[in-house]
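No value in this document is a laboratory result; all are computed from the given coordinates. As the structure is a computational prediction, the values presented were derived from the model and not from experiment. Cβ placement follows ideal geometry from the backbone for every residue including glycine, while neighbour counts extend to all protein chains displayed.
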Amino acid sequence: GSTFAITAQDDIRDWAVQIVTDLGGIPFFVEDVNKPLYHAAACVASNYLVSLMHIVTSLYEILGLPANEATQAFWPLVRGTLTNMESRGIDKALTGPIARGDVLTIEKHLAVLEAKAPEFLALYRELGLVTVGIARNMETISEEKKDELESLLKGEGNHE
């Protein structure tokens, strides 16, 4: 059931596809120049998901939960999100304060991260900006709310 990227010359493409399908995989072709992009995408999907869960565990530890209890606390949310992404589509699974345009909550997140976990603040801001784009594309927020959230996440101006 895994997808395999194939980079092969024309004379062996059919053979490569046959190997992938014999293994139960799904083949697709990637130009040699795009192999690093394919690998980067795989790293974000796997390695960086691990990194994100590490950050979540670290934040729960700041709250006083040991790592194993932190995992128990957030794992149902993660599992539900993965299930929703698989069944509804990635963008349609988006929930939370950015999807609702809740500027006040994002302000509070930024303030507490700056005070308690500043090492994660820049990543929170960057991922928030990506999330704003998704929310706008899904039309869960207005263009005005998008601009306000982007400004906040970029650290521009006063948002009270």
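If you check ILE55, ILE106, ILE98 for being in contact with a Ser or Thr (Cβ under 9 Å, 6 or more places away or on another chain), surrounded by 14 or more Cβ atoms within 10 Å (Cβ to Cβ), of a type in the set (Val, Ile, Thr) and in a helix (DSSP H, G or I), only one passes: ILE98. Screening GLU69, GLU31 for residues that are out of contact with any Lys or Arg (no Cβ under 9 Å at 6 or more places or on another chain), surrounded by 12 or more Cβ atoms within 10 Å (Cβ to Cβ) and farther than 29 Å from GLU139 by Cα leaves exactly one candidate, GLU69. A Cβ distance below 9 Å, combined with a sequence gap of six or more or placement on separate chains, defines the contacts here; from the range 142-156, residues that are small (Gly, Ala, Ser) reach residues that are assigned to a loop (DSSP other than H, G, I, E, B) and surrounded by 13 or more Cβ atoms within 10 Å (Cβ to Cβ) in the pairs SER142/GLY101; SER151/HIS159.
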